[in-house]
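To start, the structure under review is shown below, and the notes come after it.
Bear in mind that the values in this text are calculations on the coordinates, not laboratory data. Please read these numbers as outputs of a predicted model, since none were measured by experiment. Please note: Cβ atoms are built from the backbone with ideal geometry, for glycine as well, and neighbour counts cover all protein chains shown.
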Amino acid sequence: MLRVLRAFGFNSKFCDWIDAILRLAKLSISINGKHNSFFSCNREVRQGDPLSPLLFFIIEEVLSRGINKLVQDGKVE
């Protein structure tokens, strides 16, 4: 994902922020109104994360460009 952001021209500072948000996030589960200890997230973007839609559209753009290239090259109709 970070490679895609860089390829789209996002500067290093922004990419470092996204990397830190995704790597350093801690989660906690509430059971009967009490929060248990925090744990790390292993799947990067989390459901409900406000960054999820932005990152989804950026990654979707890469997929769309890849499909368009396959069609232009005659590999997919």
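Between residue 62 and residue 29, what FRET efficiency follows from the Cβ-Cβ distance if R0 is 35 Å, with the result rounded to 0.05?
0.60
If you stretched the chain out fully between residue 13 and residue 37, how much longer would it get, using 0.36 nm times the residue separation minus the C-alpha to C-alpha distance?
5.6 nm
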